[in-house]
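Accompanying notes for the structure given below.
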Amino acid sequence: ARKVSIAANLAMQPRVIILDEPTNNLDAGDVDQLMVHLKDLQREGTAVVLITHDIEVALQYADRLIILRDGGILIDGPTRQVAAQPGLLAQSDVLVSPVVRASLALWPDHPPALTVEEMAAWLGEPVRLHEPFE
């Protein structure tokens, strides 16, 4: 029923899509399929707002994170920049993944890797790290 509801809303081709916990009760394949489709819509000009507690999905797919605490904005910024602040995120009970924590431990002056695939690529090419934070 959840997949049908999401598909019906996406079929209307809205200019803005707001989804609240769309990945609940979906298996990993369905989550990936949904998120790839949402990224495609975003590239075509649709604004996508995703409300989720699934930090792994947010880290992998979101360009920007807004973390709330007690009804207000705790932190707002590009995904990699927000992920680089695990102490601040913990104030809102958001725990970054082990990949992010390991990346920050290995390269503390660089933005963190957000996925296992990204971390593996960086370990294979440690000279090609992203630009340091300003």
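The values are calculated or read from the model by the stated rules, or taken from the named source; none is laboratory data. Model, not experiment: these values are computed from the prediction. FYI the Cβ positions are ideal-geometry reconstructions off the backbone, even for glycines, and counts take in every protein chain you see.
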> Counting just the residues of region 108-130 that are within 19 Å of residue 60 (Cα to Cα) and not aliphatic (A, V, I, L, M), which one comes out modelled with the lowest pLDDT?
Replying inline: 130
>> Among the residues of region 78-119, what is the count of those that are out of contact with any Lys or Arg (no Cβ under 9 Å at 6 or more places or on another chain) and either more than 22 Å from residue 54 (Cα to Cα) or among the hydroxyl-bearing types (Ser, Thr, Tyr) (or both)?
In response: 9
>> Is it the case, given these coordinates, that residue 17 is under 11 Å from the mean Cα position of the chain (by Cα) and among the β-branched types (Val, Ile, Thr)?
In response: no
>> Exactly one of these conditions fails for residue 4: (1) at pLDDT 90 or above; (2) surrounded by fewer than 12 Cβ atoms within 10 Å (Cβ to Cβ). Give me its number.
In response: (1)
